Amino acid sequence: MGDVEHIPKELKLIDESGVRLDGRRYDELRPIRIEAGVLKKADGSAYIEWGNNKVLAAVYGPREAHPRHLQDPAKALVQCRYNMAPFSVTERKRPGPDRRSVEISKVISEAFASVVFVEQFPRTSVDIFIEVLQADAGTRCAGLTAASVALADAGIPMRDLVTSCASGKIGGVVALDLNKDEDNFGEADCPMAIVPRTGEIVLLQMDGHLTVDEFERAMDLSIVATKGIYELQRDALRRRYSAMAEQAMEAPPPPPIPSELPPPPDMPEDELPEVDDL
Amino acid sequence: MTAVVISELMREHINRLAASGKRSDGRVFDEPRSLTVHKNYIKTAEGSARVQLGNTDVLVGVKIDVGEPYADTPNQGVLTTSAELIPMASPNFESGPPSPTAIELARVVDRGIRETKTVNTEKLCITPKEKVWIMFIDIHALDYDGNLFDAASYGALSALSCAIVPASKIGKADYPLPLEHWPISVTSAKIGSSIVVDPNLDEERIADARLTVTTDENGDVRAMQKGLKGSFNLEEVRGAIRTSQRVGRTLREVIQQG
Amino acid sequence: MERSAPARREVVIPGDLLDGHGLKPGSGTFNEGGRIYAARLGIVSERDGLVSVTPLSGRYIPRSQDVVIGKVMDLGPSHWLVDINSPYPAPLNAKETPWMVEFGDTERYLHVGDVLLAEIVSVDEAMRVQLSMADRQFGRLSGGQIVQISPAKVPRLIGRQGSMIGLIRDFTQVRMFVGQNGMIWLDGDADGVRHTANAIRLVEDRGHLPGLTDAVREYLERAYGRSASTPTEVDDDGRR
């Protein structure tokens with residue numbers, strides 16, 4: 001777990017009255033803020049701040065799958081690339097994928113493959129890019145939660161959003177949403193992702209040591225937390241589409257697009273076939 | 001980068017505009033896009049900045065760590081610059097090892113900073129021949145709408161300008177990175193016989209040639225890079241240098257105040 | 001045809017339960033356990049006995065009979081491959097043009113980078129697309145410029161019976177082709193093109209809101225300092 005620099009011997013992750021180092025109680029999330037539609041080039045995007053995590057997610061697609069031999073004639077591929085910026089961690093990370101990020105990319109891809117209506121877009125890929133800009137434990141949960149918003153922003157058909165959260169064990173106590181110190185010095189961490197509407201668990205990992213009973217309690221904490229996070233995801237999407245409205249109300253649209261008078265094209269100037277309104 | 005087929009119609013449109021002194025986004029030839037600078041964006045970095053040059057969005061982080069000096073400069077800190085053109089930033093960027101484009105980008109940004117002696121590396125020596133501070137500048141392109149050279153270079157300078165040397169790691173007091181100069185790169189692109197500054201993506205794609213000129217606060221030239229298959233005549237190069245000096249003055253202020 | 005009241009214009013998110021009250025699931029929705037849910041982000045509409053979600057974003061997915069603007073990406077001996085701004089490249093067979101193209105002679109007619117207006121004649125189950133330029137209203141586009149909007153906003157830009165395009169053209173006098181794939185070709189005098197592009201941007205920004213036609217009309221009236229010469233009878237929401 002994480003990059004351990006020094007292990008303070010008598011570090012108390014949670015005190016007698018149940019308060020954690022950052023002042024949270026065992027069942028409290030760090031503050032979360034989500035914004036949808038933050039990038040111009042991507043088909044969909046989202047930014048999330050989750051405690052001290054800062055993560056961007058972007059979606060391109062459905063688009064032609066490359067290389068071509070990967071194309072599935074019956075459905076779209078859902079491909080995630082999780083990446084950490086070199087400056088996102090205390091110790092500079094060498095650019096490019098390592099085994100950890102390849103594994104995380106794989107499990108996130110699989111989590112989304114189960115909710116996206118992949119059969120609607122044969123031979124294509126839906127590409128999800130998660131960039132961790134600043135890391136403080138829980139980046140895969142933050143990234144997956146943002147990616148889900150980015151998928152909806154991109155207009156990708158799916159059964160539901162996917163929401164993610166982790167719980168673990170610190171100082172002998174099962175607790176929600178571990179931060180970096182808790183992750184480094186705690187006894188267990190268990191990230192999960194869920195389809196909130198149906199309760200299907202589409203991502204589950206765990207490392208450390210939990211009794212079966214502790215695992216049950218960790219899952220309970222995560223499931224309750226994801227309900228709140230789900231509302232934040234939905235709210236970000238609603239805000240994006242009403243914010244677009246307000247901006248437009250203040251009209252004068254962007255700069256002039258001047259044009260010259262070129263020779264007329266070689267075709268009649270006809271109406272296009274009419275198209276149904278909404 | 002995947003190959004991009006340029007629509008002939010767009011090429012003609014931009015050329016036609018340029019021939020009559022106009023640009024597709026309404027700017028005049030020597031007008032850069034608006035620059036916004038957000039310093040100290042990343043807490044895990046010793047210095048960082050997110051800069052937006054129009055719709056081009058770049059995040060630069062500076063990590064500073066203890067390492068060994070080069071044998072020929074035993075009393076000096078070390079600067080290394082890398083760039084990742086991550087596929088998030090453009091439908092035409094692919095994951096994989098750094099492309100020649102990314103490497104050129106990193107080297108041109110690096111050169112501007114290094115040759116201007118932006119950072120006084122002698123103040124980054126801990127123990128001569130053994131330990132110095134190493135600066136890693138990492139350029140992370142987030143949204144690509146043309147002219148990464150300048151956006152990345154503004155990002156790097158901004159990140160350095162707010163960076164802190166973490167000397168408390170070795171039992172001393174942290175101190176601001178000793179920044180002594182403010183190199184500003186300004187890139188010009190040649191479209192037909194016109195030269196425009198800070199090309200947007202459409203302009204960059206149809207440009208015949210590109211010239212990046214980095215000048216310092218005295219207006220002296222500190223780094224240059226000509227790119228693409230076309231060419232400039234000497235008079236055009238002189239013009240690009242004058243433009244770089246002039247435009248650079250304004251942008252330097254934005255970065256110093258950012 | 002019942003149009004949705006403003007309250008029903010609320011944005012829905014994938015997984016939202018839709019009140020189907022007896023209607024069948026339409027596009028952008030799915031049925032699970034006898035209930036209808038939104039499959040994508042959009043606005044609910046009810047018509048023809050179907051409850052559907054009209055998307056607000058997303059890439060262009062080819063449909064038969066759509067008119068599109070595309071760009072030649074590659075050519076073969078008897079076809080050109082056209083990028084129609086969708087996940088699926090669209091071949092244009094030499095037979096589907098007004099020309100008599102000999103085998104291997106395609107490069108005499110269209111080049112890589114050429115922009116054209118064409119119709120999608122077929123899309124099969126595997127999303128294999130066929131284009132046609134055979135009809136005389138289609139062909140290569142030259143001059144002018146291309147602006148792009150989200151394909152989801154194209155129906156709003158066209159308007160009912162072409163009312164929105166008519167309104168814009170009434171003021172700006174530009175020549176305009178709107179591809180269902182969000183690619184729009186414009187040509188005319190500099191001011192006209194500029195105001196058209198701005199009006200299009202307005203549609204792009206607030207295409208999912210009521211009162212769009214009014215907003216566009218207001219913009220154009222301000223720009224030209226006069227009223228529309230032909231009244232638009234029906235508001236884009238059909239609520240007038």
Given the conditions (1) within 16 Å of B:Arg222 (Cβ to Cβ); (2) part of a strand (DSSP E or B), report the number of the one that B:Arg114 does not fulfil. (2)
What tally of residues in the range A:99-117 results from selecting those that are away from every other protein chain (no Cβ under 12 Å) and either of a type in the set (A, V, I, L, M, F, W, C) or touching a strand residue (DSSP E or B) at 6+ places or on another chain (Cβ under 7 Å) (or both)? 7
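Give the residue that is farthest from the other protein chains (Cβ to nearest Cβ), with candidates limited to residues of the range A:132-188 that are part of a helix (DSSP H, G or I) and surrounded by fewer than 24 Cβ atoms within 10 Å (Cβ to Cβ). Can you show your working first?
So the first thing to find is which residues in the range A:132-188 are part of a helix (DSSP H, G or I), and the list is A:139-153, A:180-185.
Pick out the ones that are also surrounded by fewer than 24 Cβ atoms within 10 Å (Cβ to Cβ) and you get A:180-181, A:183-185.
Details: A:Lys180: 10, A:Asp181: 14, A:Asp183: 15, A:Asn184: 14, A:Phe185: 18 Å.
Within the range A:132-188, the match that is farthest from the other protein chains (Cβ to nearest Cβ) is A:Phe185.
Which residues, taken from the range A:93-145, are among the aromatic types (Phe, Trp, Tyr) and under 15 Å from the mean Cα position of the chain (by Cα)? So that I can check it myself, show each step before the final result.
Kept after step one, since they are among the aromatic types (Phe, Trp, Tyr), are these residues of the range A:93-145: A:112, A:117, A:121, A:129.
Within the range A:93-145, A:Phe112, A:Phe129 qualify.
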Please go through the range C:117-162 and give me each residue that is within 10 Å of chain A (Cβ to nearest Cβ) and touching a Phe, Trp or Tyr at 6+ places or on another chain (Cβ under 8 Å), ordered by number. C:Leu117, C:Glu119, C:Met127, C:Arg128, C:Leu141, C:Gly144, C:Gln145, C:Pro151
Contact list, first residue from the range B:231-258 and at pLDDT below 95, second anywhere and assigned to a helix (DSSP H, G or I), beta-carbon distance below 6 Å, six or more apart or interchain, is B:Gly258/B:Ser158
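In the set C:Ile184, C:Ile165, which member is facing another protein chain (nearest Cβ under 8 Å) and either under 24 Å from C:Pro55 (Cα atoms) or among the basic types (Lys, Arg) (or both)?
Numbers: C:Ile184 fails: facing another protein chain (nearest Cβ under 8 Å).
Of C:Ile184, C:Ile165, the one residue that is facing another protein chain (nearest Cβ under 8 Å) and either under 24 Å from C:Pro55 (Cα atoms) or among the basic types (Lys, Arg) (or both) is C:Ile165.
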Of these, A:Gly96, A:Gly143, which one is at pLDDT below 95 and small (Gly, Ala, Ser)? A:Gly96
Determine which single condition C:Phe103 fails, assuming it passes every other condition in (1) within 14 Å of chain A (Cβ to nearest Cβ); (2) of a type in the set (Phe, Trp, Tyr); (3) loosely packed, with under 15 Cβ neighbours inside 10 Å. (1)
Residues B:Val37, B:Val132, B:Val78: which one is within 19 Å of B:Ile184 (Cα to Cα) and at pLDDT 95 or above? B:Val37
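Within the range B:165-178, can one find any residue that is within 19 Å of B:Leu53 (Cα to Cα), among the hydrophobic types (A, V, I, L, M, F, W, C), modelled with pLDDT of 95 or more and surrounded by 16 or more Cβ atoms within 10 Å (Cβ to Cβ)? Reasoning before the result, please.
Quick first cut of the range B:165-178, residues within 19 Å of B:Leu53 (Cα to Cα) only: none.
Scanning the range B:165-178, I find no residue that is within 19 Å of B:Leu53 (Cα to Cα), among the hydrophobic types (A, V, I, L, M, F, W, C), modelled with pLDDT of 95 or more and surrounded by 16 or more Cβ atoms within 10 Å (Cβ to Cβ), so the answer is no.
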Among the strands (runs of 3 or more DSSP E) confined wholly to the range A:27-119, which include 3 or more residues that are buried (at least 22 other Cβ atoms within 10 Å of the Cβ) and free of Cβ contacts under 8 Å to residues at least 40 places away in the same chain? none
Does B:Ile195 satisfy the criteria of being at pLDDT 95 or above and away from chain A (no Cβ under 14 Å)? yes
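Look through the range B:123-151, keep the residues that are assigned to a strand (DSSP E or B) and out of contact with any Asp or Glu (no Cβ under 9 Å at 6 or more places or on another chain), and return whichever of them is surrounded by the most Cβ atoms within 10 Å (Cβ to Cβ). It would help to see each step written out before you state the result.
Of the range B:123-151, the ones assigned to a strand (DSSP E or B) are B:125-127, B:131-143.
Now narrow it down to the ones that are out of contact with any Asp or Glu (no Cβ under 9 Å at 6 or more places or on another chain): B:125-127.
Working: B:Cys125: 18, B:Ile126: 16, B:Thr127: 12.
Selected residue: B:Cys125.
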Please identify the pairs in which a residue from the range B:60-85 that is at the interface with chain A (Cβ under 9 Å from one of its Cβ atoms) has its Cβ atom under 6 Å from the Cβ atom of a residue that is assigned to a strand (DSSP E or B) and of a type in the set (Ser, Thr, Tyr), counting only partners at least 6 apart or on another chain. B:Gly61/B:Ser48
Does any residue in the range B:125-139 that is more than 14 Å from chain A (Cβ to nearest Cβ) come within less than 6 Å, Cβ to Cβ, of a residue that is among the polar types (S, T, N, Q) and not in a strand (DSSP E or B) six or more places away or on a different chain, and which pairs are these? B:Cys125/B:Asn75; B:Pro128/B:Asn75
Residues that are closer than 30 Å to C:Asn198 by Cα and aromatic (Phe, Trp, Tyr), at least 2 per element: which strands (runs of 3 or more DSSP E) completely within the range C:89-146 meet that? none
Quick one: B:Met88 ticks every box in (1) part of a loop (DSSP other than H, G, I, E, B); (2) facing another protein chain (nearest Cβ under 8 Å); (3) free of Cβ contacts under 8 Å to residues at least 40 places away in the same chain; (4) of a type in the set (A, V, I, L, M, F, W, C) bar one, so which box is it? (3)
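The values are calculated or read from the model by the stated rules, or taken from the named source; none is laboratory data. As the structure is a prediction and not an experimental result, all values here were calculated from the model. All Cβ positions, even for glycine, are placed from backbone atoms using ideal geometry, and neighbour counts span all protein chains on display.
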